[in-house]
Amino acid sequence: IKIPLKVGQDWKDHFKKAICPNGEMLIVHTSNFRKVKRIPDVINVFNNIHKVIPSKLLMIGDGPERNEAEETCRHLGICDDVRFLGKLEAVEEVLSVADLFLMPSEKESFGLAALEAMACEVPVISTNAGGIPELNVQGVTGFMSNVGDVEDMTKNALVILDKNNLPTFKANALKRAQEFDITKILPQYEDYYVEVMERSMKNTAVNK
């Protein structure tokens with residue numbers, strides 16, 4: 001996973017101020033903008049949040065659904081607060097100043113983008129699809145909703161973005177991401193491979 005650059009708080013404050021000059025909350029989505037990512041849900045969740053809390057949305061990535069998403073923003077009148085940044089190399093620099101990550105995907109094998117966000121202390125609003133529940137802990141690192149449940153995602157996002165709650169969710173997200181550090185995960189894989197090999201050798205010996 002990508003870890004945010006070790007930059008000073010002054011730099012982060014300046015960067016955040018450039019994106020959110022009036023202290024708005026910063027919400028981020030990254031993907032390849034395919035239908036399975038449910039980009040309209042990202043826009044609609046943000047639109048609902050935006051009605052309650054001053055906020056900005058950064059859409060990182062590119063793909064076949066981008067044009068429709070831009071048109072939806074124009075229709076909703078939120079273009080001034082949504083930026084489509086295309087593909088970025090240093091996504092972690094943006095994530096390092098974000099307040100919330102949206103992942104309303106229909107399917108996800110694991111949710112690596114969410115893990116990268118959490119490694120940058122960003123809580124996650126996601127669906128409960130695929131492998132995401134293995135990563136996003138309900139009510140701790142963020143919230144999960146059923147696919148397409150924009151209203152529930154909105155409600156949960158507003159809970160996280162409450163200034164009394166946000167610091168705790170941020171800390172929990174980072175702590176959870178650290179559990180997936182390679183130095184912790186790799187030994188588990190190695191132990192499993194050894195177990196499988198030993199089991200296979202025993203079965204071979206029995207069948208001789």
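The values are calculated or read from the model by the stated rules, or taken from the named source; none is laboratory data. Keep in mind that what you see is a predicted model, and the values were worked out from it rather than measured. Here the Cβ is made from the backbone with ideal geometry for all residues, glycine too, and neighbour counts use every protein chain on show. Protein only, heavy atoms only, side chains kept; ligands, DNA and RNA dropped before computing areas. Shrake-Rupley method; radii C 1.70, N 1.55, O 1.52, S 1.80 Å.
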*Charge dipole (debye, nearest 20) of the chain; +1 at Cβ of Lys and Arg, -1 at Cβ of Asp and Glu*: 160 debye
*Of all the accessible heavy-atom surface of the chain, with the other protein chains kept in place and a 1.4 Å probe, what percent is carbon and sulfur?*
52 percent
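Figure the gain on full extension for residue 106 and residue 140 (residue separation times 0.36 nm, minus the Cα-Cα span) and round it to one decimal in nm. Write out the running numbers ahead of the final one.
Working: separation 34, 0.36 × 34 = 12.24 nm, distance 2.18 nm.
Extra length available between residue 106 and residue 140 comes to 10.1 nm.
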*From the list [x] 35, 20, 16; [y] 38, 21, 15; [z] 30, 19, 15, can you say which value of semi-axes √(5λ) of the Cα gyration tensor in Å was derived from the structure given?*
[x]
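What number, rounded to the nearest 500 deg cm²/dmol, is the helix-based mean residue ellipticity at 222 nm of the chain, given -39500 (n - 2.57) per DSSP H run of at least four residues and division by all its residues?
Values: 8 runs with 100 residues, N = 208.
Estimated from H runs of four or more residues: -15000 deg cm²/dmol.
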*asked:* Restricting to Cα pairs below 8 Å that are 6+ residues apart, what does the relative contact order work out to for segment 54-98? Please round to a whole percent.
replied: 53 percent
*Using per-residue counts of other Cβ atoms within 10 Å, averaged over each peptide, order 164-170, 101-107 from highest down.*
101-107, 164-170
*On a 0 to 90° scale, report how tilted helix 39-52 is relative to the longest principal axis of the chain, with both axes built from alpha carbons and the result rounded to the nearest 10.*
50 degrees
*Taking a threshold of 26 Å on the Cα-Cα distance, which of the pairs 12/163; 155/175; 35/175 fall above it?*
35/175
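For residue 87 and residue 158, what does the FRET efficiency come to when R0 = 25 Å and r is the distance between their Cβ atoms, rounded to the nearest 0.05?
Working: r = 30 Å, r/R0 = 1.20.
So, using R0 = 25 Å, E works out to roughly 0.25.
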*asked:* Using a probe radius of 1.4 Å on heavy atoms only, what accessible surface per residue do you get for the chain? Whole Å² is fine.
replied: 54 Å²
*How far is helix 9-19 tilted off the main Cα axis of the chain, in degrees rounded to 10, range 0 to 90?*
60 degrees
